[in-house]
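*Asks:* Below is a structure I'd like to ask you about.
The values are calculated or read from the model by the stated rules, or taken from the named source; none is laboratory data. Small disclaimer: the values here were computed from a predicted structure and weren't measured. Positions of Cβ are generated from backbone atoms using ideal geometry, with glycine treated the same way; all protein chains shown enter the neighbour counts.
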Number of protein chains: 2
Amino acid sequence: MSHEDRIRLPALRSRITTAEAAAEWIRDGMVVGMSGFTRAGDAKAVPLALAARARREPMKITLMTGASLGGDVDRQLTEAGAISRRMPFQVDTVLRQAINRGEVMFIDHHLSETVEMLRTRQIPPIDIAIIEAVAITETGALVPTTSIGNSASFAILADKVIVEINTSQSPALEGLHDIFIPKHRPQREPMPLVAPHDRIGTSAIEIPPEKILGIVITDKADSTSTVLPADAETAAIAAHLVAFFEREVAQGRLTERLLPLQAGIGTVANAVMSGLGAGPFEHLTMYSEVLQDSTFDLFDAGKLDFASGSSITLSPAKARQVFGDLDRYKDRLVLRPQEVSNHPEIIRRLGIIALNTALEADIYGNVNSTHVLGTHMMNGIGGSGDFARNAYLSIFATKSVAKQGAVSSIAPMVSHVDHAPQDVDILVTEVGLADLRGLAPRERAAAIIANCAAEPYRGMLQDYHARAVATCGGHTPHRLEEAFSWHVRYRDTGTMRPD
Amino acid sequence: MSHEDRIRLPALRSRITTAEAAAEWIRDGMVVGMSGFTRAGDAKAVPLALAARARREPMKITLMTGASLGGDVDRQLTEAGAISRRMPFQVDTVLRQAINRGEVMFIDHHLSETVEMLRTRQIPPIDIAIIEAVAITETGALVPTTSIGNSASFAILADKVIVEINTSQSPALEGLHDIFIPKHRPQREPMPLVAPHDRIGTSAIEIPPEKILGIVITDKADSTSTVLPADAETAAIAAHLVAFFEREVAQGRLTERLLPLQAGIGTVANAVMSGLGAGPFEHLTMYSEVLQDSTFDLFDAGKLDFASGSSITLSPAKARQVFGDLDRYKDRLVLRPQEVSNHPEIIRRLGIIALNTALEADIYGNVNSTHVLGTHMMNGIGGSGDFARNAYLSIFATKSVAKQGAVSSIAPMVSHVDHAPQDVDILVTEVGLADLRGLAPRERAAAIIANCAAEPYRGMLQDYHARAVATCGGHTPHRLEEAFSWHVRYRDTGTMRPD
């Protein structure tokens, strides 16, 4: 495929430039919006050229993306000291350290909300957007690649747009996208999406072509998924959830189609989704953010009818299979802006079954998704808050212990709360599953300790809870002087075990 | 008005019975759904007859309502030992004590979610509904009184319904209600409500008349509001918010109409809403849960065009004025099921400005709305979570201190988290207002401590935060061993002051 096929509006072909030249358009203090969601469809060339420039010439930007970037972009920009502010999500080790040193101000949004705040000018506007595209259409519209994320609104709201045409991205991606942008209030109307497969928008990002400052041609592949294969614990978690769904079907609360599934990114959620393929479920659908290997495993197993997401992030082998033969899946897939994939209106209407991963949970079912020891940011809340609050059923999964057993993922009290008990219906570990629907806090504690915690922590939690009930009482008994003692012990001794 | 006018389906008139006889239909172990939301429109006769019966004849029920009840219902049922489980909200002192002793299992729902969980049978079904009505129509439909709350879905989902026709409630209430019930999934469609004044449902609760077991005639008035008049602190909070909204208008982010307003129940929110009448705002609208005195103050001041709620709860004087001349307001008012008033879809679409009250907040903007000292339930989360998560702008207000200064409402770390920082855009006390939009945690801490805390706590918070940054660091610096030391000191010494 030639550049002519990728840039179908001839007037734009003269705007092809180098990454280095494009990086010069970015000035110190700018707010830059880049494509990229869960390492997919991120701008790859201009950001690295910008990092190279920032190493020579000190400058700082506010960097907004859809979610996490792949490659080395966050690392190189951080090492160059080029990021002053970052939102709404990240997963990079070097950037994370800078955030936790207080050098980069990180704003951890619900993923559906960033463009709402931009559109209403509640956060500073984007000066320049850098968007990866498969192609530019005859009218100058941008065809995204393997993610949409916030790209559409970034391109629409920015004064200037740099496009990276990535020739390694399959032209077959064109037609996969469904770009819907809500109107400004008070003109906003209902979103006419009533099933995961509904298409309500356009297949490309429509912007005035004159906003396109320059076009950079790249051929760097998306970073691949870092998801680990299923292990004994993730298989056990999946088995508990399959058994749970079977009971829900038997009791008539769900059909064998279940309801549209959302799965957070990562090893646990991916393993659980794959595990659903072993259950007696048929004609499943997904309405999720990121489509991982498990989505295509379920397609191949004939279990999944349709999947809606905001990005596709795959392992190397699965990427070769899927993108090498995308037409095989294309009529069962759609990618949407993350504002739509994560929209409260749609999540509530469709009745999503939301599956997200907890860093830790506590005996009452509060969930910490983000902060190690209550202080250090891991990645960000991502879309978990959009889904957990508004879902039909909100499931959180975690292994019962971490760090070779030195850390209990079930704590007396979580050191940071991302999800309140109202938003945690089911908590599951490899030990078992606690169904918390309709339970009061003292009942939730009994269910979580008995079903989700591993020894010796289970006994320690029973002891903590009994003493909290006896000495402090209340609706949600706690001993505040002791609630974080496990975390402090781990911090000071390297283990939550008492000795 | 005669009973014939109140019971317009003649076949039902023979079902008139006494409260005592109706109470006999309720059996030990039943799940009972009662009308009532913020003390308005609650069933008043049968519940008290049930309490009298339970004092003679031990029995326990699960009691569901819309939100809080008035009169003595929760107290008398609790004193009779008749409540085993209670959801989704309450405000009664005696019931609260029983909850905090662990004698009553209280399930603290987001108010939009209770009927979703009932409809999908994720919590045990309602055996019998007791619904206060102004009238029963020619077709046997129930015309609610001063609240809808969960009444419509309770009546639709229950096998059997007891109706309390309350002759003290104005017949002019008929026509005020708009009852919309979402379809079961996957047939659910967009809710066609695009402005606070839109009517999308029916004016009465349509149920098969044969479900009506009995009709009890009462004339007990609604309990009146316990909201206190504005004081110096609430007036200062209102002034800070008026100034904030003026700046938003000046900067072009809002117009002088603002966006539809939601205000939580209580003295602070009521005072702030009244205070808006002093600002340069025009053609305001409300899309809220409870309509308090301030709603009618704003109508009378010519500032408010329309108000949508789920209940009307007024002071005695205001109740006489409003219900004595309801036709004056009727075309500017609508009451909806709490599932609709609090629906994520509508909240996000309309772009609600949500104003709720915090029990305490912390330096990072986490908010505790429910738990005293992290353990003892006050009332419940109510609708604050429905609104704060999905609103255009989420504001939390509190006085900076409580208990004559012995308690700082701004703590190093809240002892219970109902609202994560992502859901707290503005924090305001009488000291000042912190605009937290687009800020990272360390910046939020600086803004909250400087603008919202009162001395000596402000200096103590600065000291805590500086030491947390220096010794622990992280994205959200905390000293876990010290985070609750203020709460423990208050519990043990009666004050958070150090000596």
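*Asks:* Return the residues of the range A:228-278 that are basic (Lys, Arg) and either in contact (Cβ under 8 Å) with a residue 60 or more places away in the chain or in a helix (DSSP H, G or I) (or both); say none if nothing qualifies.
*Replies:* A:Arg247
*Asks:* Now a separate question. Quick one: how many residues across the range B:31-49 are within 16 Å of B:Gly70 (Cβ to Cβ) and without any contact (Cβ under 8 Å) to a residue 60 or more places away in the chain? Explain how you work it out, then say what you get.
*Replies:* Of the range B:31-49, the ones within 16 Å of B:Gly70 (Cβ to Cβ) are B:34-48.
Okay, now just the ones that are also without any contact (Cβ under 8 Å) to a residue 60 or more places away in the chain, so B:48.
Residues in the range B:31-49 being within 16 Å of B:Gly70 (Cβ to Cβ) and without any contact (Cβ under 8 Å) to a residue 60 or more places away in the chain: 1 in total.
*Asks:* Can you tell me how many residues in the range B:389-410 are more than 18 Å from the chain's Cα centre (by Cα) and away from chain A (no Cβ under 11 Å)?
*Replies:* Qualifying residue count for the region: 12.
*Asks:* For the range A:273-294, how many residues are more than 20 Å from A:Ile346 (Cα to Cα) and hydroxyl-bearing (Ser, Thr, Tyr)?
*Replies:* Summing the residues that are more than 20 Å from A:Ile346 (Cα to Cα) and hydroxyl-bearing (Ser, Thr, Tyr) in the range A:273-294 gives 2.
*Asks:* Taking the stated definitions as given, is A:Arg320 without any contact (Cβ under 8 Å) to a residue 12 or more places away in the chain, surrounded by fewer than 24 Cβ atoms within 10 Å (Cβ to Cβ) and out of contact with any Pro (no Cβ under 6 Å at 6 or more places or on another chain)?
*Replies:* yes
*Asks:* What are the residues in the range B:59-77 that are away from every other protein chain (no Cβ under 14 Å), among the β-branched types (Val, Ile, Thr) and over 16 Å from the mean Cα position of the chain (by Cα), if any? Can you show your working first?
*Replies:* Residues of the range B:59-77 that are away from every other protein chain (no Cβ under 14 Å), as a first pass: B:59-61, B:65-77.
Next cut, among the β-branched types (Val, Ile, Thr) only: B:61, B:65, B:73.
Selection gives B:Ile61, B:Val73.
*Asks:* What number of residues within the range B:355-385 satisfy the criterion of being over 24 Å from B:Thr93 (Cα atoms) and touching a strand residue (DSSP E or B) at 6+ places or on another chain (Cβ under 9 Å)?
*Replies:* So the count comes out to 5.
*Asks:* Let me ask another. Can you tell me which of (1) under 15 Å from B:Arg101 (Cα atoms); (2) surrounded by 21 or more Cβ atoms within 10 Å (Cβ to Cβ) is the one A:Gly473 doesn't meet?
*Replies:* It fails just one condition, (2).
*Asks:* Limited to the range A:332-349, what total is found for residues that are in contact with a strand residue (DSSP E or B) (Cβ under 8 Å, 6 or more places away or on another chain) and either under 17 Å from A:Gly66 (Cβ atoms) or crowded, with 24+ Cβ neighbours inside 10 Å (or both)?
*Replies:* 8
*Asks:* A follow-up question, please. From (1) buried (at least 18 other Cβ atoms within 10 Å of the Cβ); (2) closer than 20 Å to B:Pro260 by Cβ; (3) within 14 Å of another protein chain (Cβ to nearest Cβ); (4) out of contact with any Gly (no Cβ under 8 Å at 6 or more places or on another chain), pick out the condition that doesn't hold for B:Pro192.
*Replies:* So the condition that B:Pro192 fails would be (1).
*Asks:* Regarding A:Ala22, is this residue touching a residue at least 24 places away in the same chain (Cβ under 8 Å), in contact with a helix residue (DSSP H, G or I) (Cβ under 7 Å, 6 or more places away or on another chain) and closer than 18 Å to A:Asp222 by Cβ?
*Replies:* No.
*Asks:* Determine which single condition A:Met191 fails, assuming it passes every other condition in (1) closer than 28 Å to B:Ala195 by Cα; (2) part of a loop (DSSP other than H, G, I, E, B); (3) out of contact with any helix residue (DSSP H, G or I) (no Cβ under 7 Å at 6 or more places or on another chain).
*Replies:* Here A:Met191 meets the rest and fails (3).
*Asks:* Go over the candidates B:Lys183, B:Lys220 one by one and state the one that is part of a loop (DSSP other than H, G, I, E, B), basic (Lys, Arg) and touching a residue at least 60 places away in the same chain (Cβ under 8 Å).
*Replies:* Checking each option against the conditions leaves just B:Lys220.
*Asks:* Follow-up question, since we're still on this one. Can you confirm whether B:Glu430 is closer than 30 Å to B:Asp386 by Cβ, assigned to a helix (DSSP H, G or I) and among the acidic types (Asp, Glu)?
*Replies:* Against the criterion (closer than 30 Å to B:Asp386 by Cβ, assigned to a helix (DSSP H, G or I) and among the acidic types (Asp, Glu)), B:Glu430 does not qualify.
*Asks:* Does B:Val227 fit the bill of being at pLDDT below 95 and surrounded by 18 or more Cβ atoms within 10 Å (Cβ to Cβ)?
*Replies:* Judged against the criteria, B:Val227 is a match.
*Asks:* Shifting gears a bit: Considering only residues that are within 14 Å of another protein chain (Cβ to nearest Cβ) and in contact (Cβ under 8 Å) with a residue 60 or more places away in the chain, look in the range B:486-499 and name the one that is surrounded by the most Cβ atoms within 10 Å (Cβ to Cβ).
*Replies:* Here the residue is B:Trp486.
*Asks:* I need a count of the residues in the range B:99-148 that are more than 10 Å from every other protein chain (Cβ to nearest Cβ), touching a Ser or Thr at 6+ places or on another chain (Cβ under 8 Å) and surrounded by fewer than 20 Cβ atoms within 10 Å (Cβ to Cβ).
*Replies:* Total satisfying the criteria: 1.
*Asks:* Here's a follow-up. For the range A:67-77, check the following and say yes or no: at least one residue is acidic (Asp, Glu), over 30 Å from A:Pro186 (Cβ atoms) and in contact with a helix residue (DSSP H, G or I) (Cβ under 9 Å, 6 or more places away or on another chain).
*Replies:* yes
*Asks:* Restricting to the range B:45-57, name every residue that is of a type outside the set (Val, Ile, Thr) and closer than 16 Å to B:Ile83 by Cα.
*Replies:* B:Pro47, B:Leu48, B:Ala49, B:Leu50, B:Ala51, B:Ala52, B:Arg53, B:Ala54, B:Arg55, B:Arg56, B:Glu57 - these are the residues of the range B:45-57 that are of a type outside the set (Val, Ile, Thr) and closer than 16 Å to B:Ile83 by Cα.
*Asks:* Checking the structure you have, find out if any residue of the range A:364-372 is in contact (Cβ under 8 Å) with a residue 24 or more places away in the chain, more than 10 Å from chain B (Cβ to nearest Cβ) and within 15 Å of A:Arg458 (Cβ to Cβ).
*Replies:* Within the range A:364-372, not a single residue is in contact (Cβ under 8 Å) with a residue 24 or more places away in the chain, more than 10 Å from chain B (Cβ to nearest Cβ) and within 15 Å of A:Arg458 (Cβ to Cβ).
*Asks:* Could you check B:Thr267 against (1) at pLDDT below 90; (2) surrounded by fewer than 19 Cβ atoms within 10 Å (Cβ to Cβ) and say which number it fails?
*Replies:* Condition not satisfied by B:Thr267: (2).
*Asks:* Scan the range B:314-336 and give yes if some residue there is more than 11 Å from every other protein chain (Cβ to nearest Cβ) and within 19 Å of B:Gln90 (Cβ to Cβ), otherwise no.
*Replies:* So far as the range B:314-336 goes, no, none of its residues is more than 11 Å from every other protein chain (Cβ to nearest Cβ) and within 19 Å of B:Gln90 (Cβ to Cβ).
*Asks:* Would the range B:379-390 turn up any residue that is of a type in the set (Val, Ile, Thr) and either touching a Lys or Arg at 6+ places or on another chain (Cβ under 6 Å) or more than 22 Å from B:Phe37 (Cβ to Cβ) (or both)?
*Replies:* For the range B:379-390, residues of a type in the set (Val, Ile, Thr) and either touching a Lys or Arg at 6+ places or on another chain (Cβ under 6 Å) or more than 22 Å from B:Phe37 (Cβ to Cβ) (or both): absent.
*Asks:* Could you check how many residues of the range B:442-470 are within 14 Å of another protein chain (Cβ to nearest Cβ) and among the charged types (D, E, K, R)?
*Replies:* The initial filter retains those residues of the range B:442-470 that are within 14 Å of another protein chain (Cβ to nearest Cβ), namely B:442-447, B:464-470.
So of that shortlist, the ones also among the charged types (D, E, K, R) come out as B:442-444, B:467.
Summing the residues that are within 14 Å of another protein chain (Cβ to nearest Cβ) and among the charged types (D, E, K, R) in the range B:442-470 gives 4.
*Asks:* Also, quick follow-up: Of all residues in the range B:423-456, which are surrounded by fewer than 24 Cβ atoms within 10 Å (Cβ to Cβ) and over 27 Å from B:Ile352 (Cβ atoms)?
*Replies:* B:Arg442, B:Ala446, B:Ile449, B:Ala450, B:Ala454, B:Glu455, B:Pro456
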